[in-house]
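Please treat every number below as a calculation from the coordinates, not as lab data. Computed from a predicted model, the values in this text were never measured in an experiment. In this analysis, Cβ positions are derived from the backbone assuming ideal geometry, glycine residues included, and neighbour counts consider all displayed protein chains.
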C-alpha cells in the first residue's frame, strides 16, 4: 500500500494553531463518514448537522486529528481546540497558499464549471512546459470546499485551477479572500439558482464578482453569445482586468466555433482562436462542451503560451467528468449519463445532442430541474416543444415538477411518470428496446444517477 504523503507536519500545525499538536496530517475532511487514516476532521456547525457531534466517529474511523470550537467532553490529545473551526480551516488554506508562487485560474458560471475546470487542468498537465497543475476536487467550489482544496494544493504547484460556485450575491466575493485568480473564466450564465435571484441579470452580476480581486487580473475569458456580454466586459475593465477575451458561436469572438459534427460518440470541432484555424475532437455527447472547450483552449493558451495546435491535439484525449455527458454502450443500447445536474439551458443542449443519433429510438429520462424559483412550472412545461422539435420519441419523468412537462407532452411520447428516480428506474428498464439511445438528466437532488446504475446492473445480471 502506498504511503500517504503528509500535507502539514506536526510542527507546522503547532505553529498555525499556537499549541502543541500531536501529529501531522495527510488530508482534510468535514464528514466523519469519509474520515480515513491520517485525516484532519474539521467539526463545522451546519444548518442540518453539527460536526461536533461526530468527532468521536471521525476519530474512530481513523482521523489523526480533529478541530473543535467547543468542549465535547472528550479528553483526547488528538483534538485541536480553537475559537472557530471555520476560521481554523481558513488559516490552513491561507498558510498553504502563502508557501507557493502559483498562478490561479478561477472558473465560475451557471453551467459547465466542472467540465471547463477539468479541461483546463487536462490541457495544462499535457503542456509542453510540464506544468505542475492542481485542480480542485469534485464539486468543492463553495465556502467550505474551496478552502479545503486551497489547503490541499501542493506548494510546488505552478498553476492552481479552482472552481467557484455561488447560490446568492456576495458568495464569490468571499471566495476571493481565499483564492485570488490571475485569470477568471465565466462559462455561461442562465437560469440556474434563479430561486435565489430576481432575474438572470442578477445572476450575471453575482458571477461578475470574480473580477473584483485586489490585484489586477491579467485576463478574463467570457461568453460572447449572451445578453450580458457587454456588462461582463465593462465590469472586467472597471476592475482593471488587463485583457478580456471572448468565446462563442453566434458573434465574432476571440475563440470562435465555426462548425461541429457528431461522429459516433465524438464531436469534431472546427474553430478559429485568435485568428488561427484548428480542428479537434471532443469525446463527449453534449454540444455544450464545445463552448467549454473553446474557453479552456483560450485560457490555457493565455496561461502557458503553448501553441493552439498542440492544445487542440491534447483536447482529443480529454474525457468528461462523471455524470456530465458520459456515453456508455451496453449491447446495442446507448446510455448518455448527464445525471449530475440540470437547468432548462443544459437540458435543451442535451436534447439537441441526443437528436444527432440517427436511426435509433431517442428516449429522455428527466428528473426535476430544481432551484428555478417562481417560474419553475413554466420552465418544465416549456420543454415540451423542444422534445417535439428535436425528434425525441419517448419521455420518462420523475418528480413533482417534471409532471408538468409530462402532462404537456403528446400522448405518443409519454413513457411513464413516477414520484422519484427509484420507482422510475424499474419502468425505464422494462421499456428499453434494442437500439435505444437514452439520455438521463435531472438536478443532483433527484438522484438520477441511480437510474444509470440500475440500468448497468440490469444488463450485468443478464450477461452473467
Fill in the blank from the handout: Taking the alpha-carbon centre of each part, the distance from region 28-46 to region 84-161 in Å is 19
Completion exercise
Options (i) 1.03; (ii) 0.95; (iii) 1.15 for Cα Rg over 2.2 N^0.38 Å; the value derived from the coordinates is listed as (i)
Practice task
Using only Cα atoms, tell me the angle between helix 421-431 and the longest principal axis of the chain; keep it within 0 to 90° and round to the nearest 10.
Solution key: 30
Fill in the blank from the handout: Extend 7 Å from the Cα of residue 332 along its Cα-to-C-beta direction; within region 348-386, residues with backbone N under 13 Å of that point are 359-361
Completion exercise
Full extension between residue 202 and residue 427 adds, at 0.36 nm per residue less the Cα distance, a length in nm of 77.0 nm
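For region 100-315, give the share of DSSP beta bridges that are antiparallel, in percent and rounded to the nearest 5; count only bridges with both residues there.
On the way: 15 of 37 bridges.
Taking every DSSP beta bridge within region 100-315, about 40 percent pair in antiparallel fashion.
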Problem - Residue list for region 233-269, given a label point 7 angstrom along the Cα-to-Cβ vector of residue 359 and an amide N cut-off under 15 Å - result: 263-265
Practice task
Taking the chain as the reference, fit the longest principal axis to its C-alpha atoms, fit the long axis of helix 229-238 to the helix C-alpha atoms, and give the angle between the two in degrees, 0 to 90, nearest 10.
Solution key: 20
Exercise for the section: With a point put 7 Å past each Cα toward its Cβ, work out how far residue 240 is from residue 445 in nm, to one decimal. Expected result: 4.1
Practice task
Apply 1/(1 + (r/R0)^6) to the Cβ-Cβ distance of residue 251 and residue 216, taking R0 = 25 Å, and write down the FRET efficiency to the nearest 0.05.
Solution key: 0.40
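Can you sort 216, 32 from fewest to most other Cβ atoms within 10 Å of each residue's own Cβ?
Neighbour counts put them in this order, fewest first: 216, 32.
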Completion exercise
Exposure-ranked with fewest Cβ neighbours within 10 Å first, 171, 47, 195 stand as 47, 195, 171
Handout entry: Per-pair calculated FRET efficiency, R0 = 45 Å: residue 180 and residue 413 via Cβ, rounded to 0.05
Key = 0.35
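Assuming R0 = 41 Å, what is the FRET efficiency of residue 19 and residue 47, from their Cβ-Cβ distance, to the nearest 0.05?
Values: r = 29 Å, r/R0 = 0.72.
The value I calculate is 0.90.
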Fill in the blank from the handout: PRE zone check, label point 7 Å out along Cα-to-Cβ of residue 57, amide N under 15 Å, scope region 25-40, hits 29-36
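If you count the DSSP beta bridges with both ends in the chain, what percent of them are antiparallel, to the nearest 5? Please report the intermediate quantities before stating the final value.
Working: 22 of 73 bridges.
Percentage antiparallel, nearest 5: 30.
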Exercise for the section: Output the relative contact order of the chain, whole-number percent, from Cα pairs under 8 angstrom with separation of 6+ residues. Expected result: 10
Exercise for the section: Note the angle between two axes, namely the Cα long axis of helix 288-304 and the longest principal axis of the Cα atoms of the chain, as a number of degrees from 0 to 90, rounded to the nearest 10. Expected result: 40
Exercise for the section: Fewest Cβ neighbours within 10 Å first, please rank 254, 39, 309 accordingly. Expected result: 309, 254, 39
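Taking Cα pairs under 8 Å and at least six residues apart, what relative contact order does region 326-463 come out at, in percent?
Numbers: 258 pairs, mean separation 50.5, N = 138.
The normalised contact order for region 326-463 reaches 37 percent.
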Practice task
Divide, for region 10-83, the radius of gyration over alpha carbons by 2.2 N^0.38 Å, where N is the residue count.
Solution key: 1.00
